[in-house]
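Report on one structure; see the data block that follows.
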Amino acid sequence: MLLITGANGQLGTELSKLLPNAIKTDVNELDITNELAVRRFVVLNRIKTIINCAAYTAVDRAEDDVEMATKINVDGPRNLARSGAKIIHISTDYVFDGTAHKPYTPKDMPNPVSVYGKTKLAGETAVLENAYVATIIRTAWLYSPYGNNFVKTMRRLGSEKKSINVVTDQIGSPTYAGDLAAAIVKILPQINMDNRGIYHFTNSGVCSWYDFATEIMEMSGLNCKVNPISSDEYPTRAKRPFYSVLDKSDIQKTFGLEIDHWKKSLSKCIKELDAQKTK
C-alpha cells in the first residue's frame, strides 16, 4: 500500500486526487512525530511506500517555535524513514542561503539562514540516513487552488485594494502543486536504490515575487497596481533566500520529466480558482 502523509495540505490534496487508492493521513490520523505510532501504522496497513508531504511550513513562526518545527520537520521524517518503507520526502529551496547567481543543483552545498530551512535540511539528512530507498524532492514557491498560498492571497488583496507592495529582490520559480504531484506520480514506480538521493522540482522560468504578483493580477483580471519594493522595506521575522532558483536537469534526466513554464501553470490554477467561484 501507498501512504500520503500531510494529505490535507496543498500537495497532499493534489496527490490524493491522482492517487485515490492511497491511504491518506494528516495529524489527526497519524502523528508522524510518534515513532511507535508510525511503526504500528506502517505494519498494520502493509505500507510499502510513503510520500511525506507533512511539514511545519510557518517560516516566520518557526523562529520562535523551534521545538515544534524540529519535531515535525526532523523527527517525523526520521520516524517515517525508519519504518522500512520506501520514501519520497518533500523539502525546500530554503536549505540554501540565496547568495548564488546561478540555479542551485542538488550537489550544491546547503546553508540555510532560517530555523525552517535548518530543520528541513536536518530532515533530509534524517531520511537519507535511515531509509533504504529514499528520494528527496526540493521545491519552492508552492501554490494551488487549496489552502493558504501567495496566489490566493494576491487575488484576495487584488479584489480589496487599489494597490499593494510586493518585494522585487527575491528571485525564484513558482511551483504549481498539481504539476509537482503529477511529477511524483510519474517518479513513484521508478524509485530504487540506484537513483536514491536529492532532486529539484519547480516549474520552469524565473521571476521575482513582484513579477509573480503582477502576472496573478493580470491573469485574474484584477485592476490592482503592484508596487515593487525591496526586502528591507518589508522586514520579516525569518530571513529569506534572495535567490533560490533550482536546477531541475537531474530530475528531468533521471525520470524523463517534462516541466511546464510557471506562467502556463499559473493560468491552469487561476482557471480552476475561477471555476470554484462559479460553483
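The values are calculated or read from the model by the stated rules, or taken from the named source; none is laboratory data. Given the structure is predicted, the values throughout are model-derived calculations rather than measurements. Glycine also receives a Cβ, built like all others from the backbone with ideal geometry; neighbour counts cover every protein chain displayed. These accessible areas exclude ligands, DNA and RNA; they are computed on the full protein's heavy atoms, side chains included. Shrake-Rupley method; radii C 1.70, N 1.55, O 1.52, S 1.80 Å.
Observations
- Exclusive hit being acidic (Asp, Glu) and not in a helix (DSSP H, G or I), set Asp97, Asp60, Asp75: Asp97
The rows are residues; the columns are (1) open to solvent by less than 30 Å² (accessible area, probe 1.4 Å); (2) in contact with an Asp or Glu (Cβ under 7 Å, 6 or more places away or on another chain); (3) hydrophobic (A, V, I, L, M, F, W, C).
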site: Ile4; (1), (2), (3): yes, no, yes
site: Leu18; (1), (2), (3): no, no, yes
site: Thr25; (1), (2), (3): yes, no, no
site: Glu29; (1), (2), (3): no, no, no
site: Asn34; (1), (2), (3): no, no, no
site: Ile50; (1), (2), (3): yes, no, yes
site: Thr57; (1), (2), (3): no, no, no
site: Glu63; (1), (2), (3): no, no, no
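- Just one of (1) closer than 19 Å to Gln10 by Cβ; (2) touching a residue at least 40 places away in the same chain (Cβ under 8 Å) fails for Thr135. It is (1).
- Residue among Ile270, Ile259, Ile229, Ile251 that is of a type outside the set (S, T, N, Q), open to solvent by less than 40 Å² (accessible area, probe 1.4 Å) and closer than 21 Å to Pro110 by Cβ: Ile251
- Beta carbons closer than 7 Å, at least 6 apart along the sequence or on distinct chains, pair a first residue in segment 183-205 that is touching a residue at least 24 places away in the same chain (Cβ under 8 Å) with a second that is outside any helix (DSSP H, G or I) and surrounded by fewer than 15 Cβ atoms within 10 Å (Cβ to Cβ) for Asn203/His261; Ser204/His261; Gly205/His261.
- When Asp194 is tested against (1) closer than 30 Å to Ile47 by Cβ; (2) open to solvent by less than 40 Å² (accessible area, probe 1.4 Å), exactly one condition is not met: (2).
- When segment 210-256 is filtered for residues that are in contact with a Gly (Cβ under 7 Å, 6 or more places away or on another chain), assigned to a loop (DSSP other than H, G, I, E, B), within 20 Å of Leu266 (Cα to Cα) and not β-branched (Val, Ile, Thr), the ones remaining, listed by number, are Leu222, Cys224, Ser244.
- In segment 87-103, the residues that are buried (at least 21 other Cβ atoms within 10 Å of the Cβ) and either more than 16 Å from the chain's Cα centre (by Cα) or hydrophobic (A, V, I, L, M, F, W, C) (or both): Ile87, Ile88, Ile90, Val95, Phe96, Gly98
- Thr70 open to solvent by 30 Å² or more (accessible area, probe 1.4 Å) and in contact with a helix residue (DSSP H, G or I) (Cβ under 6 Å, 6 or more places away or on another chain): yes
- Residue tally, condition among the β-branched types (Val, Ile, Thr) and out of contact with any helix residue (DSSP H, G or I) (no Cβ under 6 Å at 6 or more places or on another chain), over segment 221-259: 4
- Segment 118-163, subset out of contact with any Gly (no Cβ under 9 Å at 6 or more places or on another chain), assigned to a loop (DSSP other than H, G, I, E, B) and modelled with pLDDT of 95 or more, residue surrounded by the fewest Cβ atoms within 10 Å (Cβ to Cβ): Lys162
- Looking only at segment 197-209, residues that are open to solvent by 10 Å² or more (accessible area, probe 1.4 Å) and in a loop (DSSP other than H, G, I, E, B) come to 2 in all.
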